[in-house]
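Q: Quick one: structure below, then a few questions.
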Amino acid sequence: RLRARTRVGSRCVASAAPEELTVTVRRGAGGGLGLEVSNANLVLLQAGQPDLRVGDIIVGVNGTPLAGGYVGKALDPAASEYAFTVSRRSAEAAPELEAALRGFGAKLFSPNLDAPEVDGATRARVEGVLAALEAIGTAIAPAQPSDALLGFWKLLFASGRSAARGLTGMAQGAGCEVVAHWQALSAAKPTAQIVEVIADPLLRRHAVAALKGSAAPAGADAAPAAPDGTDTVRPVCVTLETYQRLELDGAPMSESTLALPRTTTYLSAALRVVRFDSAGGGDAAGTAEVAAYWKTTPEEASAEIKRLAAEPLGGSAAAAADGGNSDDEMPLWERRRREDAQYDADASGIP
């Protein structure tokens, strides 16, 4: 059934030109099409329709243009098969796909990070939307490329468990949860920061953990020639992020080094996709992970961090706090330093 609803070394990757084509769509054994289509006829989810892709814009049915009408109203309910005319890889789909990604990604940081939707239907939807956006590829053409690449970026989604565990290592304790995660890239030092809001049942509140360091080009990465015609281009940065300083609520906690080689594709001025290898960071060694970040202003990030830090605990962190703990009165610095040995062991494997 249809349901409406730091300037670093970089290269450019071209996306394919948009095209219009006709695909066959068939009803399943239960009579449904297995599609979720927006009010603008954009395919957001498809199951069992191999010729149709997430991100396709349906512009006609059985040779008749929709002319702005909704596709669901153009279908003969008695028919078992339809010929959809679709526009594929159209830049017009990008804004709505980005909006859908933000909506799906908001479910990642739910009060319970182990909720089924993180690894189930929501994950499949997010990955489908990401693939569609990557196929479209929106060009970035600011006066200075770094103007688009630098700034505060909020994590919307990560395919592996690194988002739930956190990169700072401060959510490793029992009952701790990452509530939100940002990365900041700046021309001024520190050129790279990771900030996470942690629900800590021992503290009975939220804490703010931060990694501070730098981001630099990682090896040679030749730039292919810009494409001709209507094809768009998008910057891809291969960087080595190195973090030497860990802070908790502004207080220094550790000087150990964490290195993160990552490949970032800037799909638009507000959306970046990061790929990296988990390399034993809790998932199977060598597992490729994908993370999506949305650009915010420093003021928006600061305001959200302050708001989250002031909120009461929720989810399993609240349950753990209510359960009590024999050392919940221990000063934070003492408890964290007692956990340093375990943290160092864990951090060595964080992706």
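Q: Quick one: which residues, 5+ away or cross-chain, put their amide H under 5 Å from the amide H of V290? H built at 1.01 Å from N.
A: When sequence neighbours closer than 5 places are left aside, the close amide H contacts are S159, G160.
Q: Can you list the lysines whose alpha carbon is less than 26 Å from that of K189, not counting same-chain residues fewer than 8 positions off?
A: K189 reaches K154, K212, K295, K306.
Q: If the chain between S302 and L240 were fully stretched, how many nm would it gain, using 0.36 nm times the residue separation less the Cα-Cα distance? Please report the intermediate quantities before stating the final value.
A: Numbers: separation 62, 0.36 × 62 = 22.32 nm, distance 2.56 nm.
In short, 19.8 nm is gained.
Q: How much length is gained on full extension from N39 to N62, taking 0.36 nm per residue of separation minus their Cα-Cα distance?
A: In short, 6.3 nm is gained.
Q: Once the other residues with Cβ under 15 Å from the Cβ of V61 are scored (Lys, Arg +1; Asp, Glu -1), what is the net sum?
A: That sum, taken over residues with Cβ under 15 Å, equals -2.
Q: Cut-off is 10 Å between beta-carbons; in what order do K306, K154 appear when sorted fewest neighbours first?
A: Ranked by crowding around the Cβ, least crowded first: K306, K154.
Q: Using a 7 Å offset from the Cα along the Cα-to-Cβ direction at both A187 and E20, what is the distance between the two label points in nm, to one decimal?
A: Each label point is offset 7 Å from its Cα along the Cβ direction, giving 4.4 nm.
Q: With a cut-off of 8 Å between alpha carbons and a minimum separation of six or more residues, what is the relative contact order of segment 17-92 in percent?
A: Relative contact order comes out at 40 percent.
Only the coordinates and a few stated rules stand behind these numbers; no lab work does. Just so we're clear, the structure is a prediction, and the values are computed from it rather than from any experiment. When we count neighbours, we look across all protein chains shown, and the Cβ atoms used for this are built from the backbone with ideal geometry, even at glycine.
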